[in-house]
1. So SER134 ticks every box in (1) surrounded by fewer than 17 Cβ atoms within 10 Å (Cβ to Cβ); (2) among the hydroxyl-bearing types (Ser, Thr, Tyr); (3) within 23 Å of ILE286 (Cβ to Cβ) but one. Which box is left unticked?
2. Of the conditions (1) without any contact (Cβ under 8 Å) to a residue 40 or more places away in the chain; (2) surrounded by fewer than 16 Cβ atoms within 10 Å (Cβ to Cβ), ARG253 satisfies every one except a single condition; which number is it?
3. Here is a check on your reading of the model: is ILE211 of a type in the set (A, V, I, L, M, F, W, C), touching a residue at least 40 places away in the same chain (Cβ under 8 Å), open to solvent by 30 Å² or more (accessible area, probe 1.4 Å) and on the phi < 0 side of the Ramachandran plot?
4. Would it be correct to say that SER279 is more than 21 Å from MET219 (Cβ to Cβ) and buried (at least 20 other Cβ atoms within 10 Å of the Cβ)?
5. For segment 45-73: of the residues being among the charged types (D, E, K, R) and either modelled with pLDDT of 80 or more or assigned to a helix (DSSP H, G or I) (or both), which is surrounded by the fewest Cβ atoms within 10 Å (Cβ to Cβ)?
6. Select from segment 190-232 the residues that are polar (S, T, N, Q) and assigned to a helix (DSSP H, G or I) and write down the one among them that is farthest from LEU128 (Cα to Cα).
7. Exactly one of these conditions fails for LEU107: (1) open to solvent by 50 Å² or more (accessible area, probe 1.4 Å); (2) more than 23 Å from ILE309 (Cβ to Cβ); (3) at pLDDT 85 or above. Give me its number.
Amino acid sequence: MLRLVVRRLLQLIPTLLGLSVLLFLWLNRLPGGPASAILGERATEAEVARINRALGLDQPLHVQYGRFLKRIFELDLGTSTQTGQPVWDEFVLRFPATVELSLAAILIAVAVGIPLGYLAARRRGGWLDVAAVSGSLVGICIPVFFLALLLKGVFAVNLGLFPTFGRLTTGLDATSVTGFAVFDGILTGEFDASWDAIMHLVLPALALSSIPLAVIVRMTRASVLEVLGEDYVRTAESKGLERRTVRGRHILRNALLPVVTAVGLLTGSLLSGAVLTESVFSFGGIGSFIRTAIDARDYPVLVGFIMFIAMVYVLINLLVDLAYSVIDPRVRVH
């Protein structure tokens, strides 16, 4: 297992290096250069020259790239032109909100999607199968922002069952330790704050889980249908093994391999920032921050965001590989 982890990490280094080259070239090919992009269209030549000297952009490209790569390894992603704060500090401040929302959404999708997809496959052609397939199609087709607005309007504004915005109720005295509101409430014994954070999570998590839920249902159903036709399943059933053993060890375990891949990719996409969902509920995560960065042409934030999310995807792919080796030891690399 340790050899697998080390080998996967070494294989991912060229990916990050390649991405850093693309980002560096993108920055240097911005209209007017990075200095003009930072200062705006009305910047004078003197101001542009001053920024170029300050950022080292008047040096040869290989020297600039070396400094760029060095800053990335030191986690120095630059300073946000919006807030004046280091980009890394801004991400650390906002990332827990996005992680909390993304994990809640993917937990809903997995907890509902895998059992529903499995039951739909076992009852192929029945009403549950038709309902699951139709529901997943609707879930994929409905835009996330529309579903978020619909849930907010019905359950928060009209019925008043859930909060309308934010992560915690305004004025609530809650101690922040890790930045994860739900976990912090449990950690400090402030269970009212933890429950308040959960209530704020429900609607945005439901909206965000719609597409992952639909994808997981369809993939689980297709995978289970494929496994049901395998010889080893029929052999296990003909040998008189318990239904629980056949379902768990022979059907579901083998059907989960492609589903695990899908869950990993979906989790990565959610962690990259649920821009629309966070904006609708004013959730204060990375997604809403990136939206304002795009509007303000805050390029240090955008570059840092891309590298940050690349590292997140690297770690998620590693976890997917490890999950593969646990589910099916045959895929382990020795």
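The values are calculated or read from the model by the stated rules, or taken from the named source; none is laboratory data. Not measured: the values here are computed from a predicted model. Positions of Cβ are generated from backbone atoms using ideal geometry, with glycine treated the same way; all protein chains shown enter the neighbour counts. Note: accessible area is taken over every heavy atom of the protein model, side chains too, but ligands, DNA and RNA are not part of it. Shrake-Rupley method; radii C 1.70, N 1.55, O 1.52, S 1.80 Å.
1. Failing condition for SER134: (3).
2. (1)
3. Yes, satisfied.
4. Taking the combined requirement at face value, the residue does not satisfy it.
5. Looking at residues that are among the charged types (D, E, K, R) and either modelled with pLDDT of 80 or more or assigned to a helix (DSSP H, G or I) (or both), I get GLU45.
6. SER194
7. (2)
For (1) within 21 Å of the chain's Cα centre (by Cα); (2) farther than 30 Å from PRO115 by Cα; (3) not polar (S, T, N, Q), each residue gets a yes or a no:
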{"site": "THR178", "(1), (2), (3)": "yes, yes, no"}
{"site": "VAL182", "(1), (2), (3)": "yes, no, yes"}
{"site": "THR188", "(1), (2), (3)": "no, yes, no"}
{"site": "SER209", "(1), (2), (3)": "yes, no, no"}
